[in-house]
Every structure is written in C-alpha cells, then in structure tokens.
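This report concerns only the one structure given below.
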Amino acid sequence: MFFPRLRNQAKWAFVFLILVFGGGFVFLGVGSGGLDLGQLLRDAFGNSGSSGTSVSQAQKRVNERPLNAIARKDLANALEKKGRIDEAIAAWAEYTRLRPKDVTALQHLGQLELGQADRYLREAQLASLAQQNAGVGSPFRPSSTDKFGQALGEDPIVAALSGKASTQLQEASVKYQTAASRAVSTYQLIVKVRPNDEQALFSLAQAADTLQQTPVAISAYKRLLKFKLDPTTATQIRQRIKTLQQSSTPTGG
C-alpha cells in the first residue's frame, strides 16, 4: 500500500518521505523536481559534509549587501557545506524571502526543515527516555511507599535528573513543533507558486501528514482529488483522508 502507517517515533517516516520526494512521484506520474536525495538523507541522519567554502567571506558580502539575493544564497550554501544546518536554514529562509518564486530553493529549504524536525523529534524522545529512567530511582533506596522511604523524602539526585530531563523534553518539543510548522509553511509556499502542480500538492500533503499537521494534510489531499487521477490513486487518497478525519475527531465522553 502506498501510504505508510505514520508513527510518532518517526525517523523512518521522514526517510520514507525523503525517498518519495527524491525517487520521483511515480504515484502521481510526475517527476521529482531535481531534489538532492543524498543531501537530504544526510540531513535526516545528522551527517553533513564539509568543504573549503568560506562562511566568513559569504557573511561579509551579506553584511555589505543585505538585500542581495545571490549573496544570501551563497551564505546559505556555505553554511550548509560546513554542516551548520540550523544557520543554513535561516539563511535559505532569508534568500527565499527575497526570491519567493524560486521553487528549487523552497524545495531545498523544505528538505532541510524536515531533517531539522526529525533531529528535534529524536532529541525529545531521548529526553523523554531520560526522564523515565530518572523516575526509577536508586535500587538501594527504600520505596517511597515505605515509612522509612517517606521519612527520607525525595532523592535529590533523582529529582535533579528528572528536572533536567523534563526541561530538555520541553525545549526539544517546542523546537520540533516550530521546525514542523516551518517545513509545512515552506511546502505551502511552493503550492502558492504552483497551485496547479500535482507534485507540489502531494509534497505538501505528505509533509503535513508526516509532521502531524492534520488539517493541512486533509486539505491538500482533497485538492489532489480535483485532478484527473487513476482510480487506485484516488481511492487511496480518499481512504487516507477518512483515516485522518477519524483520528482528529474527538471521542465522546
């Protein structure tokens, strides 16, 4: 079946999304749009390359000509090649504000933002695990239900570790939500530039679906149904819409 089961721990959902983007939209019979599959996979797994490109020189040109789109693009490329992905994302965002119809740049920005969201998701998962482990406590300490354990009070080490993990979890969760929202917004910009492009709509639908931006995903899938699709494709899209609607509908008490 084309649509995967989307899960919260979803590095592989991100990788699936990457492979769909990079491998060509055979599902809808359209091309891949020249996405850099290798770079995107490296971003998703946190393995960026490096080169001798001077970030300082690129930054200097931006400082001298802040509204020059080429200077912004050169800085974004230089930062990315140095593995400074978060800074590169910000630089690409500045470039696309100056060149809002550069779909290739918007696609690349979306790729980087997907990788960033995945990284923050993994950070949140690790922090959640650390918080759970901290709550276990020491095996040599009396149980909190025991009178002696109650007299001793809370283990200060456990409390400190749990508090630190909780803070890290909150920070990573906020970063993930921010990155996810930005990624979806980028794909929405692509659709705005190319409103009748099936590939652009499908990219938006899958990005929003994977990042659990359900209303956006449903809207994009519904728009896809307005195109002349083969019966199997249309059936799968309708089924996905139904599944998303059911999962987003609150259950009665």
Exercise. In a solvent-free Debye calculation with one equal scatterer on each Cα, what is log10 I(q)/I(0) for the range 71-119 at q = 0.19, 0.32 Å⁻¹, listed in the order of the q values?
Worked result: -0.52, -1.26
Problem set entry | Förster radius 45 Å - calculated FRET efficiency between GLU64 and LYS192 (Cβ-Cβ, nearest 0.05) | 0.90
For this session: With a 1.4 Å probe and every protein chain left in place, work out the accessible area per residue of the range 53-121 in Å², rounded to a whole number.
Result: 46
Exercise. How much accessible area does LEU129 have with a 1.4 Å probe, in Å² rounded to the nearest 10?
Worked result: 90
For this session: Could you calculate the contour length gain from THR232 to ASP86, that is, 0.36 nm times the residue separation minus the distance between their Cα atoms, to one decimal place in nm?
Result: 48.6 nm
Problem set entry | Part-to-part distance (alpha-carbon centres) for the range 167-206 and the range 93-108, which is given in Å | 14
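The values are calculated or read from the model by the stated rules, or taken from the named source; none is laboratory data. Treat the numbers as computed from the prediction; the structure is a model and nothing was measured. Cβ sites come from the backbone with ideal geometry, for glycine too, and all protein chains shown count toward neighbours. Just the protein is used for accessible areas: all its heavy atoms, side chains included, with ligands, DNA and RNA removed. Shrake-Rupley method; radii C 1.70, N 1.55, O 1.52, S 1.80 Å.
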